Amino acid sequence: MFKKIRQMNTEITELIQKNTTYYTLSFTTLIFAFLFFNISLISIYNLYQNNKILNNSYNLSVYINNNVSQNSIETIEKSILELEGVEGISYIDKKIALQKLTEKLGITNHGMTNPLLNSFNITTHGEENLNNAKVVIDEIDGVKEVIVNEKNTITLNKKIAQNRKLMIWLFFITLIPIMIMKFNIMHSTVVSQSHDIEAKLYLGLEKKEILRPYYFINNIKFISAGIIGSLIFLNLYEFLRRSLSDFFYLAPFFKVGIIVGIIMTVISLIFPLISFNIIKVKR
Amino acid sequence: MLNFKNITTNEKKPYLNNLNLHIKIGEITILNYKSDIEKNKLIDLICQLETPKSGELFIDGKNILNSKKRLKVIQKKIGVCYGDFKLIESKNVLNNIIFPLEIYTPSSKDELIKIGENTLKTFGLYNKKEFPLSKLTLEEKQRLNIARTMILDPDLIILDNPDRYIENNKIDNLMNYFIELNKIGKTILIFTNNKKIESKISGNKYLLEKGAISNV
């Protein structure tokens, strides 16, 4: 047992001493790979969150007849809230609406008859729910008119589609290549030593014993690069979030920290297990 | 000591086809060959790194093909001097030579170093024991290769072109060394096409050609 540990320790020391430059370079590359992996991953997450917010922003205005009582308005509100996909509802009193309008137009409303109606501003989840809600609300007694904000709907659809495209693009163009790059870096560490591995095999060492120090170095290198790359990313993210949160939606730091932490833990736990199967050597 | 019985390897067109070779204990045998692949296949079979499609391979009376794992007891008795050295680049000269001892003997590191240093002295490499392999000439690498073959004091010695890279004037000494080893009972199999060696060594001579062995 101790002999094996001693032997492995010697092997690791010899390997590192012999290949210091190679290990340093591949370690640095791995750190950058993890940094870009996290950038890609969290960009996808932010786009996903952004789409969730956009998806809940479809809205329509419901105008109520003037002769509807306050109790009936409350009943209408309740029945709208029960509809599938309705995310929010806000009541706009016609007096307040007029006040806001005159303020906006810079005129006085003194003595003016209020031409506006009491209304609800409703937000729904998705366009389908919006259209369904419109049809149902139109049939409710006391409702004069239901108007969908078409311009807003078109803009939302466009933005959501753009974000989806960007997510797919980020996944295929950056996330997958970075994962492949990471595994290739790890693989090359072993392949570059194939001469020595083969020699040891011929001299009587078992393949598992030969590869153990390589896997040990690889796993330590992988996990450390993952931690360093992620820490650099989190610092960078917090800096960017503070600077850019006024312009874009960026998920809170603690949420991103948890996601990065979970992903890194999963990768670090899975990699040592699958590396034995992924990294193949001759024979 | 070494007995190949109707060995056929696994390829579609087998490199070794119904091969038979019997080397008795204490014999010295020269094996000429036409193809490097066929020669390497034979060495791979002896090292248990290749499993044939059919046939039997006895080493020291034991059919090693019956075992799924490499038999350390058997491998310990075989010393192979490889044609392409199979030296470990990440290790220095001393660590290369003691490597087989680390695998097969329970001795302490100090004891291993002592044995390694003595063997290096025999092969004139003691003063280069701390050298990395990149600092050795091809001849020195070949000497190290042969020295490593002998480190476990094997009963069966397989030599793949041991004269390669050795200066002409030293080949005779090297062959005499093998003849002396043979005299003390070691079984030796030499893969070579060098006529000088063939003339120097009086033993069985065979030819490995088209996957089979024939007498020369």
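Read-outs: derived from the displayed coordinates by stated rules, not from any lab. This one's a predicted model, so the numbers in the text were calculated from it and none came from an experiment. Neighbour counts run over all protein chains shown; Cβ positions are idealised from the backbone, glycine included.
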Inset, instruction - Mind checking the range B:1-108 for GluC sites (Glu not before Pro) that DSSP puts in a loop (not H, G, I, E or B) and that have at most 16 other Cβ atoms within 10 Å? - result: B:GLU11, B:GLU27, B:GLU89
Legend entry - Area projected by the alpha carbon convex hull of the range A:57-149, averaged over all directions, nm²: 6.2
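Looking only at other chains, what is the average number of their beta-carbon atoms within 10 angstrom of each beta-carbon in A:212-219? It would help to have the intermediate numbers written out before the result.
On the way: counts 0, 1, 0, 0, 0, 0, 0, 0.
That works out to 0 on average.
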Legend entry - Cβ charges +1 (Lys, Arg) and -1 (Asp, Glu), total dipole of the range B:8-114, debye: 300
Inset, instruction - Note the angle between two axes, namely the Cα long axis of helix A:207-244 and the longest principal axis of the Cα atoms of chain A, as a number of degrees from 0 to 90, rounded to the nearest 10. - result: 30
Legend entry - Amide hydrogen neighbours beyond the local backbone of A:SER57, cut-off 5 Å, H modeled: A:GLY126
Legend entry - Angle in degrees between helix A:194-203 and the longest Cα principal axis of chain A, rounded to the nearest 10: 50
Inset, instruction - With everything on Cα atoms, drop me the angle between helix A:20-55 and the longest principal axis of chain A, reported from 0 to 90° to the nearest 10. - result: 20
Legend entry - Loop sites in the range A:200-255: chymotrypsin sites (Phe, Trp or Tyr not before Pro), DSSP, at most 11 other Cβ within 10 Å: A:PHE247, A:PHE248
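Please report, ordered by residue number, every helix of chain B (full DSSP H runs) that is 27 Å or longer along its axis going by C-alpha atoms and whose mean Kyte-Doolittle hydropathy reaches -0.5.
Working: long enough: none.
Span-like helices in chain B: none at all.
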Legend entry - Residues with amide H under 5 Å from that of B:ILE28, placed H, sequence gap 5 or more: B:ILE188, B:ASN204
Legend entry - Average beta carbon contacts from partner chains per residue of B:88-97, 10 Å cutoff: 5
Legend entry - Amide proton proximity set for A:GLU87, modelled H, under 5 Å, gap of 5+: A:THR123, A:THR124, A:HIS125
Inset, instruction - Just tell me how shielded A:14-24 is by partners: mean number of partner chain Cβ atoms within 10 Å of each residue's Cβ, no decimals. - result: 2
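For every helix of n ≥ 4 consecutive DSSP H residues, a contribution of -39,500 (n - 2.57) applies; sum these over the protein assembly as shown, divide by its total residues, and give [θ] at 222 nm rounded to the nearest 500 deg cm²/dmol. Numbers along the way, then the final one.
Details: 17 runs with 276 residues, N = 499.
Helix-only estimate at 222 nm: -18500 deg cm²/dmol.
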